[in-house]
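S.K.: Dropping the structure in here first, questions after.
The values are calculated or read from the model by the stated rules, or taken from the named source; none is laboratory data. Predicted model, so just to flag it, every value in this text is computed and none were measured. Every residue, glycine among them, receives a Cβ derived from its backbone with ideal geometry; neighbour counts consider all protein chains shown. Remember, those area values only see protein heavy atoms, side chains included, never the ligands or the DNA or RNA. Shrake-Rupley method; radii C 1.70, N 1.55, O 1.52, S 1.80 Å.
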Amino acid sequence: MLFELERVRASRGGVGVLHDVSLALPEGSTCIAGRSGSGKSTLLRLLNRLAEPDSGRVAYRGRELGSLDVLALRREVALVPQLPALLPGTIADNVRFGPGLVGRDVEVTALLDLTGLATALADRDTDRLSTGEQQRVMLARALALEPRVLLLDEPTSALDERTRDHVEETLKELRRRLGISLVLVTHDFAQAERLADRVVRLEEGRAITAGLEPAPASASAPSAVR
Amino acid sequence: MTRAPDVGFAEVGAALGLVAVAVLVSLWQRMRLEGDIAVAVARSFVQLTAVGFVIQLVFEQDDLLLVIALVAGMAVFGAFTARRRAPTVPGAFAPLLVALLLAGTATLVLLVALGVFSAEPRYLVPLGGMVIGNSMTAAAVALSRLGDEVTGSWREIEATLALGATAGQAIRPIVRRSLRSGVTPLIDSTKTTGVIFFPGIMVGLLVAGAAPLDAVRLQLIILYMLLGSVSISSVTAVILAQRSFFTPAHQLREVAAPAAG
């Protein structure tokens, strides 16, 4: 199982956000859908330990998150946050940042190509990008880590319909070509159905339905997380 | 050197005439600062007179332990005051206290070790006061900037953490900017000293009858000393305080990241 949550409680600002959530998320593509304030972003942040639950257990591939090297976990389970979250500098600076932390270089143009960005944009400052381009840079930046799982927090919420469709196509293509698992948070239930093998509905911090279909067989390499 | 001018309470009282000008301006422009001005005048009179007696006692006793106690007391009071200027930094008192004690100790020890001043209370007490005061201002500015930037840039910090950065790596650009903001005002005033303004020590010495070049040399020593001490205090306070924003698992604490769904 990719992620398991057992009776997880979490709060933000002293207010309970998740209440006894128990879930099992297999490999593949899962959408966590819910209205604003339902706790879905908090749930996503628990999965790569950007946040800690108040109680309960969160496990990744059978191992409790607390027992894993948190920095290696975040490289393997990469989060694409909501806008705006680009670092100052060029697109290439952003894409190289994560691998650079562990002394690795990446082929920036290949990643831009993969995420549907013109390779000529590599040296453009991120403050001169459209919202759709920024979203793709964040995607390329996360993919530069060579993750096995992508966590996506409302990846198309700031986009117009046409750009949203492009990003959705890119995500499906990534899933097909790279075989990485996706956990995607959205308030758009239609998008959840378009993108996911299974949908988890969150309402007021409780998992209402977990429409889990059998996980597709995926040849997965051994986890790099220690 | 000529004799220092006699200054009695009559002269201090006469200087209140200029305070009256400030009060009149406040009344005329309806600034509503008359109360604050009155409090400032009363507090400055009481505090400076009290410290005058304390310093006189320390000078008379000629005991270095008393000097150390006095400087430590100033550091505690300074850290307490500076903490209020950086309300967005959790637990700011301890980093500020360590920063001020370190800046005060290192600067005074260095001045004595380099032979600039001898280890006597009449040098160490006023210099310690200047070092602590300036260090406090610089550390407070740096911490205030640190707290504001972490609160305002929490998305960028979390995005950086999400890419596998350590807490130190994620906050490094903010640390750099905070340190610059703490030290830059003194660098700027050092650049313009003598051209745009006369610093207080030099004015005091000239009024007291010192030869101008003697006053200049002492002022230069003080300025260079302060550049060192504000750097020590800013860097110490910021490096120690930055930890308070993160958990050991490289998570941004909620105090900086507002609640989200």
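S.K.: Excluding B:P90 itself, what net charge comes from residues whose Cβ is under 12 Å from its Cβ, given Lys and Arg +1 and Asp and Glu -1?
M.R.: Overall, the nearby charge balance is +2.
S.K.: Would you mind listing how long chain B runs along its three principal axes, going by Cα atoms, in whole Å with the largest first?
M.R.: Result, largest extent first: 69, 53, 36 Å.
S.K.: What is the pair-distance distribution P(r) of chain A, computed from all Cα-Cα distances in 5 Å bins starting at 0, with each bin given as a whole percent?
M.R.: So the P(r) values, bin by bin, are 1, 7, 15, 19, 20, 17, 12, 6, 2, 0.
S.K.: Can you give the Rg and Dmax of segment B:128-172 based on its C-alpha atoms, in angstrom?
M.R.: Cα only, segment B:128-172: 14.6, 45 Å (Rg, Dmax).
S.K.: Right, next: Need one value for B:160-171: mean number of C-beta atoms belonging to other chains within 10 Å of its residues' C-beta atoms.
M.R.: For this peptide, the per-residue mean of nearby foreign Cβ atoms is 6.
S.K.: Between B:A208 and B:V195, what length in nm is gained on full extension when 0.36 nm per residue of separation is reduced by their alpha carbon distance?
M.R.: Net length gain for the segment: 2.5 nm.
S.K.: Scan around A:A207 for amide H atoms under 5 Å from its own, H built in the peptide plane at 1.01 Å from N, and keep only partners 5 or more places away or cross-chain.
M.R.: Amide H neighbours of A:A207, under 5 Å, 5+ apart: A:S22.
S.K.: Any idea what the dipole of chain A comes to, in debye rounded to 20, about its Cα centre with Lys/Arg Cβ at +1 and Asp/Glu Cβ at -1? If you can, show how the numbers build up before the last one.
M.R.: Numbers: 30 positive and 32 negative charges, 99 e Å.
Charge dipole, chain A, about its Cα centre: 480 debye, nearest 20.
S.K.: Would you please classify the overall shape of segment B:1-79 from the alpha carbon gyration tensor, given that a ≥ b ≥ c denote the square roots of the eigenvalues, rounded means a/c under 1.5, and beyond that prolate means a/b larger than b/c while oblate covers the rest?
M.R.: oblate
S.K.: Using the Kirkwood formula over every pair of different C-alpha atoms, what hydrodynamic radius in Å results for segment B:93-153?
M.R.: Its Kirkwood hydrodynamic radius stands at 12.8 Å.
S.K.: So who's got an amide H within less than 5 Å of the one on A:R198, skipping anything under 5 residues away but keeping other chains? H placed 1.01 Å off N, in plane.
M.R.: Correct list: A:S29, A:C31.
S.K.: Here is a follow-up. Describe numerically, in nm with one decimal, the distance between label points set 7 Å from Cα along Cα→Cβ at A:L178 and at B:L48.
M.R.: In this crude spin-label approximation the distance works out to 6.6 nm.
S.K.: Then there is this: Rg/Rh for segment B:97-207 to two decimals, with Rh computed the Kirkwood way over all alpha-carbon pairs.
M.R.: On the Cα set of segment B:97-207, Rg over Rh gives 1.12.
S.K.: A further question follows. With an 8 Å Cα cut-off and a minimum separation of 6 or more residues, compute the relative contact order for chain B in percent. Before the final figure, lay out each step's value.
M.R.: Numbers: 271 pairs, mean separation 70.4, N = 261.
Taking the mean separation of contacting Cα pairs over the length of chain B, I get 27 percent.
S.K.: If you don't mind, another one. Count the DSSP beta bridges whose two residues both fall in the protein assembly as shown, then state the antiparallel fraction as a percent rounded to the nearest 5. All intermediate terms of the calculation are to be shown ahead of the outcome.
M.R.: Working: 21 of 41 bridges.
Close to 50 percent.
S.K.: Here is a follow-up. Hey, could you pull the Cα Rg and Dmax for the protein assembly as shown, both in Å?
M.R.: 29.9, 96
S.K.: Remind me, what semi-axes does segment B:150-260 give for its equivalent ellipsoid, largest first in whole Å, using sqrt of 5 times each Cα gyration tensor eigenvalue?
M.R.: Details: eigenvalues 371, 28, 22 Å².
One finds semi-axes of 43, 12, 11 Å for segment B:150-260.
S.K.: Calculate the length of the line joining the C-alpha centroid of segment B:145-213 to that of segment A:24-87, in whole Å.
M.R.: With segment B:145-213 and segment A:24-87 each reduced to a Cα centre, they are spaced 37 Å.
S.K.: Compute, for segment B:136-187, the length of the dipole vector about the Cα centre, with Cβ point charges of +1 (Lys, Arg) and -1 (Asp, Glu) only. Units Debye, rounded to 20.
M.R.: That gives segment B:136-187 a dipole magnitude of about 180 debye.
S.K.: Related question: Can you give the FRET efficiency for A:H187 and A:D105, using 1/(1 + (r/R0)^6), R0 = 41 Å, r = Cβ-Cβ distance, to the nearest 0.05?
M.R.: 0.65
S.K.: So if I place +1 on the C-beta of Lys and Arg and -1 on the C-beta of Asp and Glu, and nothing else carries charge, what would the dipole magnitude of segment B:1-77 be about its Cα centre? I want it in debye, nearest 20.
M.R.: 420 debye
S.K.: A further question on this structure: For segment B:59-204, calculate the relative contact order in percent as a whole number, restricting contacts to Cα pairs under 8 Å that are 6 or more residues apart.
M.R.: Contact order relative to length: 26 percent.
S.K.: Moving on. In square nanometres and to one decimal, what's the mean projected area of the convex hull around the Cα atoms of segment B:1-143?
M.R.: If you wrap the Cα atoms of segment B:1-143 in a convex hull and average its projections, you get 11.7 nm².
S.K.: Hey, what did chain A get for relative contact order, percent, Cα under 8 Å, at least 6 apart?
M.R.: 30 percent
S.K.: So, one more: Once Rh for segment A:122-201 is found with the Kirkwood sum over Cα pairs, what is the Stokes-Einstein diffusion coefficient at 10 °C and 1.306 mPa s, in µm²/s?
M.R.: Answer from the Stokes-Einstein relation: 119 µm²/s.
S.K.: With every protein chain kept in the model, how would you rank B:D214, A:D113 by accessible area, 1.4 Å probe, largest at the top?
M.R.: Numbers: B:D214 75, A:D113 110 Å².
The ranking, largest first, comes out as A:D113, B:D214.
S.K.: Compute the Cα gyration tensor for segment B:26-69, then decide on rounded, prolate or oblate, letting a ≥ b ≥ c be the square roots of its eigenvalues: rounded whenever a/c is under 1.5, prolate when a/b is larger than b/c in the other cases, and oblate in all that remain. Let's see the in-between values first.
M.R.: On the way: a/c = 6.97, a/b = 4.47, b/c = 1.56.
Verdict is prolate for segment B:26-69.
S.K.: B:L65 to A:A72: FRET efficiency via 1/(1 + (r/R0)^6), r the Cβ-Cβ distance, R0 51 Å, to the nearest 0.05?
M.R.: 0.45
S.K.: Can you give me the three principal axis dimensions of segment A:11-52 from its C-alpha atoms, in Å, biggest first?
M.R.: Principal extents (largest minus smallest coordinate, Cα): 33, 23, 17 Å.
S.K.: Going through the DSSP H helices of chain B, which span 24 Å or more along their own axis at the Cα atoms while scoring at least 0.5 as a mean Kyte-Doolittle hydropathy? Don't skip to the answer; put the middle values down first.
M.R.: Numbers: long enough: B:9-28 (29 Å, 2.10); B:34-61 (40 Å, 1.06); B:64-85 (32 Å, 1.54); B:93-113 (29 Å, 2.45); B:121-152 (46 Å, 0.58); B:167-192 (37 Å, -0.17); B:212-242 (44 Å, 1.50).
Going by DSSP H runs, the hits are B:9-28, B:34-61, B:64-85, B:93-113, B:121-152, B:212-242.
S.K.: Determine, for each peptide in A:185-195, A:61-71, A:145-155, the mean count of other beta carbons within 10 angstrom over its residues, then list the peptides with the highest first.
M.R.: In descending order of packing, they fall as A:145-155, A:185-195, A:61-71.
S.K.: Could you tell me the total accessible area buried at the A-B interface, probe 1.4 Å, in square angstrom to the nearest hundred?
M.R.: By this definition, chains A and B bury close to 2200 Å².
S.K.: Let me cross-check B:L57: its accessible surface, 1.4 Å probe, with only protein heavy atoms counted, in Å² to the nearest 10?
M.R.: 90 Å²
S.K.: Measure nothing but the geometry: give the 0 to 90° angle between the long axis through the Cα atoms of A:91-101 and the longest principal axis through the Cα atoms of chain A, rounded to 10°.
M.R.: Once rounded, the angle reads 60 degrees.
S.K.: Let me ask something else about it. Rounded to the nearest 500, what is the 222 nm mean residue ellipticity of the protein assembly as shown from helices alone, with -39500 (n - 2.57) per DSSP H run of 4+ residues and division by all residues?
M.R.: Calculated from helices alone, the mean residue ellipticity at 222 nm is -18500 deg cm²/dmol.
S.K.: For helix A:131-143, what angle does its Cα long axis make with the longest principal axis of chain A, in degrees from 0 to 90 and rounded to 10?
M.R.: 80 degrees
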